[in-house]
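A.B. asks: Structure below; questions to follow.
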Amino acid sequence: TLKAPTVNRKVSQLTVTHLVQNRLSEVSLSIEKQLESQQRGQAIHYIFEELKNPKNQNLISLCGLARKRYGVSESIDPALVSETLLLKNPPLREIIEKGKTEWPFVIRENEVTLRGQIDLWGTVDGITWIIDYKSSRKFKEESVARAQEQLELYALAVHKTGVNWNDIRLAIVAP
């Protein structure tokens with residue numbers, strides 16, 4: 001069951017990132033590692049967004065271009081991206097083809113406005129999938145909890161479009 005976030009009445013504008021990030025304990029990543037993670041995340045987003053275009057199906061080329069465009073120092077393995085696209089639960093390739101990428105939303109409840117952007121969501125075979133891309137394949141328990149909280153807020157936004165709660169599934173994808 002989703003719980004409404006506790007919000008100070010003076011706060012009128014919130015973002016999902018703000019809500020989730022502020023609940024983290026201190027993170028001891030160096031600035032360089034944080035930047036690399038952010039750049040890798042942007043590159044992964046780019047790859048999956050570009051796959052909506054039928055002309056952009058060469059993963060080797062897309063991974064190289066994304067790495068160069070976002071200044072990622074480590075390679076992005078096209079084989080891992082390909083393996084990720086073969087997932088059936090969630091059916092990632094179909095969701096990319098039929099769904100919405102980088103979908104912005106605004107929820108207004110009483111005096112609070114919540115803004116966010118969903119990486120990918122779409123309906124396949126009657127199930128509405130909400131996907132959050134992550135740049136790391138290794139997750140700490142705290143990171144999974146934060147991602148789950150983020151996805152639950154995204155589910156609220158999708159539900160407000162008329163999708164039944166029972167038809168919504170949440171997934172983290174990390175190639």
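The values are calculated or read from the model by the stated rules, or taken from the named source; none is laboratory data. Computed from a predicted model, the values in this text were never measured in an experiment. Counting neighbours? That spans all protein chains shown, and the Cβs are built from the backbone with ideal geometry, glycine included. For accessibility, only protein heavy atoms count, side chains too; no ligands or nucleic acids. Shrake-Rupley method; radii C 1.70, N 1.55, O 1.52, S 1.80 Å.
A.B. asks: Run the 1.4 Å probe and let me know the accessible area of residue 118, rounded to the nearest 10 Å².
C.D. replies: For residue 118, the solvent-accessible surface is approximately 0 Å².
A.B. asks: Here is a further query. Which order do 156, 86 take by accessible area at a 1.4 Å probe, largest first?
C.D. replies: Working: 156 50, 86 120 Å².
Order by accessible area, largest first: 86, 156.
A.B. asks: Here is a further query. Cα-Cα over 31 Å: which of 100/138; 68/160; 98/160; 55/160; 52/138; 55/140?
C.D. replies: From 100/138; 68/160; 98/160; 55/160; 52/138; 55/140, over 31 Å: 68/160; 55/160; 55/140.
A.B. asks: Let's see if you can work this out: charge +1 on each Lys and Arg Cβ, -1 on each Asp and Glu Cβ, no other charges. What is the dipole magnitude of region 115-175 about its Cα centre, in debye to the nearest 20?
C.D. replies: The dipole of region 115-175 has a size of about 200 debye.
A.B. asks: Can you put 158, 144, 163 in order of accessible area, largest first, using a 1.4 Å probe?
C.D. replies: From most accessible down to least: 144, 163, 158.
A.B. asks: Between residue 35 and residue 77, how high is the FRET efficiency from 1/(1 + (r/R0)^6) when r is the Cβ-Cβ distance and R₀ = 25 Å? Nearest 0.05. Before the final figure, lay out each step's value.
C.D. replies: Values: r = 20 Å, r/R0 = 0.82.
Efficiency, from the Cβ-Cβ distance: 0.75.
A.B. asks: Rank these by accessible area, largest first, 1.4 Å probe: 77, 119.
C.D. replies: Putting 77, 119 in descending order of accessible area: 77, 119.
A.B. asks: Tell me which of 48, 35, 58 sits at the most positive position along the dipole axis of region 26-82, charges placed on C-beta atoms (Lys, Arg +1; Asp, Glu -1).
C.D. replies: After comparing all options, I get 58.
A.B. asks: A further question follows. What figure, in Å² to the nearest 10, do you get for the accessible area of residue 124 with a 1.4 Å probe and non-protein molecules left out?
C.D. replies: 10 Å²
A.B. asks: Hey, got a sec? Which trypsin sites (Lys or Arg not before Pro) in region 37-116 land in a DSSP loop and have at most 16 other Cβ atoms within 10 Å?
C.D. replies: 52, 55, 88
A.B. asks: Leaving out ligands, DNA and RNA, what percent of the accessible area of region 128-175 is carbon and sulfur, probe 1.4 Å?
C.D. replies: On the way: 1120 of 2450 Å².
Of the solvent-accessible surface of region 128-175, carbon and sulfur hold 46 percent.
A.B. asks: Now, a different point. Please name which of 113, 154, 136 has its Cα lying farthest along the dipole of region 106-175 towards the positive end, using unit charges on Cβ (Lys, Arg +1; Asp, Glu -1) and the Cα centre as origin.
C.D. replies: Going by the Cα projections, it comes out as 136.
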